[in-house]
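*Asks:* Right, I'll just put the structure down here and ask away after.
The values are calculated or read from the model by the stated rules, or taken from the named source; none is laboratory data. Predicted, not measured: the structure shown is a model, and the values here were computed from it. Cβ sites come from the backbone with ideal geometry, for glycine too, and all protein chains shown count toward neighbours. Heads up: the accessible areas ignore ligands, DNA and RNA and are worked out on the full protein's heavy atoms, side chains in. Shrake-Rupley method; radii C 1.70, N 1.55, O 1.52, S 1.80 Å.
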Amino acid sequence: MFIPDDRFLIMNEFKRTHTCGELSGNDAGKTVTLNGWVYKNRNHGGIHFINLRDRYGVSQVVIDEDASEDLINLADNLKFEYCIAVKGLVRKRPDEMINPDMSTGEIEIKAEEIRVLSQCEVLPFMVDEKSNAKEDLRLKYRFLDLRSEKMKNNIRLRHETAFAVREYLSNKDFYEIETPTFIKSTPEGARDFIVPSRLYPGKAFALPQSPQIYKQLLMVSGLDKYFQIARCYRDEDARGDRQPEFTQIDIEMSFVDREDVLSLTEGMMSHVFEKTLSLKLPENFRRLSYHEAMESYGSDKPDLRFEMKIKDFTDIAEKCSFSVFKDTVANGGTVRYILAKGCASDYSRKKITELEDTAKIYGAKGLAWMKAGEEGLEGGVSKFFKDEEKEIIEKTGAENGDLLLFVADSWKVTCNSLGAVRSKLGKDLGLIDESAFAFAWILDFPLFEWNEDENKWDPAHHMFSMPQGQYLETMEQDPGPVKGDLYDLVLNGYEIASGSIRVHDPEIQKRIFNVVGFSDEEAERKFGFMLNAFKYGAPPHGGIAPGLDRLVMIMAGEDSIREVIAFPKNTAGLSPLDDSPSEIEQNQLDELGILFKEEIKEEAEVAEKAAE
RNA sequence: GGGGGCGUGGCGAAGCUGGUUAUCGCGCCGGCCUGUCAAGCCGGAGACCGCGGGUUCAAGCCCCGUCGCUCCCGCCA
């Protein structure tokens, strides 16, 4: 095997003239040089075919029977994923050998010279869509995984999305401004990642959960329209759609109301989908109130690719003889149901139990059911509703062969659990159009949430969202119904953006703090620098923050944001690639004034002994 | 913090109500083959069945524990 000593010289002579994806019949007759990786190597004795791959595509290289012995010998020894350079003549394939599945299938390159630029060891998994290697292994060898067609396309889509965002916002006079990633820790909301300070032992920076406060300060600065494709950090457990570090398209603008932010976002999404997927989105997205989303779809991020609404059953439940329903209503709860058209025969007792298990995950105590037959309602809890049978059939519109599913519980549990049942039905019954993109705005979120455990009002989101005008007078006396100028954008069952019109008036801000029991002193200590800025001519402002990872995930048809992040963490928050986080040197700890390493070990040992 | 699923050569899987030699495809090594494009044909190497313990005449399979991954609840915009 010839491995060159002077690779610079080789590169000089064998620098690519074309990529592996661009050659077509029009290039026939040209002498070209390609650089790439050996994707396939088929040896037919007298003739070799090598599929050479780079970022741009795959081209077939042929080593003919008339090639030199050296070249044949070299081709024989090329293994998967060798990085090579090929110099040769582009020629049209004979008609019957054209490969219509290959963008370069019209041509092939008759190799004249081949140089091995870099060898490759036996692979841990095939760089191939069909390899199906486990994700942890793929993450450990991400550099190989990213060579695959799918990952390459996902990374490209992500780039194109970010590019379209920059293009759109820049054309609308937005500035892209970087905000700090070492900031003050504010322990509200998610846990902060902490960066200890060497210069000030005992003190620490936090990594931002979002650039929220800084972007609001930029509005006070009069910079007017800001965006940033911003890395954000949250020290919480990962999920398929959540990573400890993620990227959001952070946007803030001054002198706007809710409608301005919504229409800007709609325009931006339309631009992105047009540029990346050549898809036209509706000019205005559907709108649902939070209450409506929860009641009809059982989620604040409903999948609107199918309907199957959840409906109210409380009026019949409260007067029926079935004590589970009756008592729930009497105790302030609610009874709601789903009508599954034509599902009676598909759903045996066993399959209904699966649905019930789904409901139970979200706190439901059970899933009551009945089926509509030729004679009326039958099975399940139908025997308790003999008197109301007619009324139920009329109310629900149940027809022969339909299945009715009920949950009786608190409003929230009823909605959430039926929402989960609805999702499962949608998947199981194939109601979801996988090619659809169902955007919707969720509006009118409550600003406050009653905390049962601590007997106090909590902020339902963050504390800097503007209450809607009609609630301003009664906010303190009756916080429950207060709606905020908050908005979420949902897409196919995911929340892909969240934003609000902010409070820019220190007086209103103070009142909100009061409702949630935040003392002046505490507010001053945690957010003083922002509240102070608001004393100096803060403009009315608002914004939104679409999650880039989730957006691209959905556009790519993936189920996990890890598929659209070049180097993600796994669900345990670890990086299998570099094995981080890792232990650090004692001297690093010493420099930071962190002395606990031995103490932690001792504590762990003590705990271990206690466990025994 | 809690629940579900998975863990079998380098990779992906099969392995029945426990039964003696752990199977298949890909990859790897050797050979053959002039038009393939998931190339084909012949031969070969490679596995402490995640780890520890238990039940049994006998465990990949059953039980207990533990570790890892993954999905979900909690948590989290």
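*Asks:* Please tell me if residue A:161 is of a type outside the set (D, E, K, R) and at pLDDT 95 or above.
*Replies:* Criteria met by residue A:161.
*Asks:* Considering only residues of the range A:67-81 that are away from RNA strand B (no atom under 11 Å from the Cβ) and charged (D, E, K, R), which is most open to solvent (accessible area, probe 1.4 Å)?
*Replies:* Filtering the range A:67-81 for residues that are away from RNA strand B (no atom under 11 Å from the Cβ) and charged (D, E, K, R), the one most open to solvent (accessible area, probe 1.4 Å) comes out as A:69.
*Asks:* Name every residue in the range A:196-208 that is over 16 Å from residue A:248 (Cβ atoms), open to solvent by 30 Å² or more (accessible area, probe 1.4 Å) and touching a residue at least 24 places away in the same chain (Cβ under 8 Å), in order of residue number.
*Replies:* A:196, A:198, A:201, A:202 - these are the residues of the range A:196-208 that are over 16 Å from residue A:248 (Cβ atoms), open to solvent by 30 Å² or more (accessible area, probe 1.4 Å) and touching a residue at least 24 places away in the same chain (Cβ under 8 Å).
*Asks:* Out of all the residues in the range A:351-367, which are in a helix (DSSP H, G or I) and either closer than 10 Å to residue A:420 by Cα or not hydrophobic (A, V, I, L, M, F, W, C) (or both)? Reasoning before the result, please.
*Replies:* Residues of the range A:351-367 that are in a helix (DSSP H, G or I), as a first pass: A:351-361.
Those that are in a helix (DSSP H, G or I) and either closer than 10 Å to residue A:420 by Cα or not hydrophobic (A, V, I, L, M, F, W, C) (or both): A:351, A:353, A:354, A:355, A:356, A:357, A:358, A:359, A:360, A:361.
*Asks:* Only one of these conditions is not met by residue A:344: (1) closer than 23 Å to residue A:400 by Cα; (2) out of contact with any Gly (no Cβ under 7 Å at 6 or more places or on another chain); (3) open to solvent by less than 20 Å² (accessible area, probe 1.4 Å). Which number is it?
*Replies:* (2)
*Asks:* Filter the range A:82-98 down to residues that are in a strand (DSSP E or B) and either among the small types (Gly, Ala, Ser) or open to solvent by less than 40 Å² (accessible area, probe 1.4 Å) (or both) and give me whichever is nearest to residue A:15 (Cα to Cα).
*Replies:* Checking each candidate, the answer is A:85.
*Asks:* Could I ask something else about it? I'd like to check which helices (runs of 4 or more DSSP H) are fully inside the range A:99-195 and have at least 3 residues that are within 16 Å of RNA strand B (Cβ to nearest atom), surrounded by 17 or more Cβ atoms within 10 Å (Cβ to Cβ) and of a type outside the set (Asp, Glu).
*Replies:* Once the helices (runs of 4 or more DSSP H) in the range A:99-195 are filtered for at least 3 residues that are within 16 Å of RNA strand B (Cβ to nearest atom), surrounded by 17 or more Cβ atoms within 10 Å (Cβ to Cβ) and of a type outside the set (Asp, Glu), what remains is A:135-140.
*Asks:* Does residue A:53 meet the test of being within 10 Å of RNA strand B (Cβ to nearest atom), within 44 Å of the chain's Cα centre (by Cα) and not in a loop (DSSP other than H, G, I, E, B)?
*Replies:* no
*Asks:* Here is a further query. Quick one: would you say residue A:382 is more than 22 Å from residue A:328 (Cβ to Cβ) and among the hydroxyl-bearing types (Ser, Thr, Tyr)?
*Replies:* It is false that residue A:382 is more than 22 Å from residue A:328 (Cβ to Cβ) and among the hydroxyl-bearing types (Ser, Thr, Tyr).
*Asks:* Something else: Note down all Cβ pairs under 9 Å where the first residue falls in the range A:319-333 and is of a type in the set (Lys, Arg), the second is open to solvent by less than 30 Å² (accessible area, probe 1.4 Å) and assigned to a loop (DSSP other than H, G, I, E, B), and they're at least six residues apart or on different chains.
*Replies:* A:319/A:388; A:326/A:320
*Asks:* Could you please find all residues in the range A:260-287 being under 30 Å from residue A:467 (Cβ atoms) and either modelled with pLDDT under 95 or open to solvent by 80 Å² or more (accessible area, probe 1.4 Å) (or both)?
*Replies:* Those that are under 30 Å from residue A:467 (Cβ atoms) and either modelled with pLDDT under 95 or open to solvent by 80 Å² or more (accessible area, probe 1.4 Å) (or both): A:283, A:284, A:286, A:287.
*Asks:* Moving to a separate point now. Please go through the range A:147-170 and give me each residue that is of a type in the set (Ser, Thr, Tyr) and farther than 18 Å from residue A:251 by Cα, ordered by number.
*Replies:* Taking the range A:147-170 and keeping what is of a type in the set (Ser, Thr, Tyr), we get A:148, A:161, A:168, A:170.
Passing the criteria: only A:148.
*Asks:* Provide a single number: the residues in the range A:554-569 that are touching a Ser or Thr at 6+ places or on another chain (Cβ under 7 Å) and either open to solvent by less than 30 Å² (accessible area, probe 1.4 Å) or within 25 Å of residue A:259 (Cα to Cα) (or both).
*Replies:* Counting residues in the range A:554-569 that are touching a Ser or Thr at 6+ places or on another chain (Cβ under 7 Å) and either open to solvent by less than 30 Å² (accessible area, probe 1.4 Å) or within 25 Å of residue A:259 (Cα to Cα) (or both) gives 1.
*Asks:* Which condition from (1) crowded, with 22+ Cβ neighbours inside 10 Å; (2) more than 24 Å from residue A:468 (Cβ to Cβ) is the one that residue A:242 breaks?
*Replies:* With (1) crowded, with 22+ Cβ neighbours inside 10 Å; (2) more than 24 Å from residue A:468 (Cβ to Cβ) applied to residue A:242, the lone miss is (1).
*Asks:* Same structure, new question: Under 6 Å by Cβ, and 6 or more places apart or on different chains, what pairs join a residue from the range A:118-129 that is farther than 19 Å from residue A:57 by Cβ with one that is among the aliphatic types (A, V, I, L, M)?
*Replies:* A:125/A:133
*Asks:* Across the range A:373-426, which residue is nearest to residue A:345 (Cα to Cα) among those that are assigned to a loop (DSSP other than H, G, I, E, B) and open to solvent by 40 Å² or more (accessible area, probe 1.4 Å)?
*Replies:* Residues of the range A:373-426 assigned to a loop (DSSP other than H, G, I, E, B): A:373-376, A:379-381, A:386-388, A:397-402, A:410.
Checking the rest, the ones that are also open to solvent by 40 Å² or more (accessible area, probe 1.4 Å) come to A:374-375, A:386-387, A:399-400, A:410.
Values: A:374: 13, A:375: 15, A:386: 22, A:387: 25, A:399: 13, A:400: 10, A:410: 30 Å.
Per the criteria, the residue is A:400.
*Asks:* Quick one: in the range A:479-516, of everything that is near RNA strand B (Cβ under 10 Å from one of its atoms) and of a type in the set (D, E, K, R), which residue is surrounded by the fewest Cβ atoms within 10 Å (Cβ to Cβ)?
*Replies:* Among those residues, the one meeting the criterion is A:495.
*Asks:* Taking residue A:219 as meeting all but one of (1) out of contact with any Phe, Trp or Tyr (no Cβ under 6 Å at 6 or more places or on another chain); (2) surrounded by 13 or more Cβ atoms within 10 Å (Cβ to Cβ); (3) over 18 Å from residue A:264 (Cβ atoms); (4) hydrophobic (A, V, I, L, M, F, W, C), write down the number of the exception.
*Replies:* (3)
*Asks:* Show the residue pairs that are 6+ apart or on different chains and have beta-carbon atoms under 6 Å apart, the first residue being within the range A:495-524 and part of a helix (DSSP H, G or I), the second being small (Gly, Ala, Ser).
*Replies:* A:513/A:523
*Asks:* Please work out which one of (1) farther than 30 Å from residue A:325 by Cβ; (2) aromatic (Phe, Trp, Tyr); (3) touching a residue at least 40 places away in the same chain (Cβ under 8 Å) is the condition residue A:445 fails and give its number.
*Replies:* The failed condition is (1).
*Asks:* In the range A:570-581, how many are open to solvent by 80 Å² or more (accessible area, probe 1.4 Å) and either hydroxyl-bearing (Ser, Thr, Tyr) or away from RNA strand B (no atom under 13 Å from the Cβ) (or both)?
*Replies:* 2
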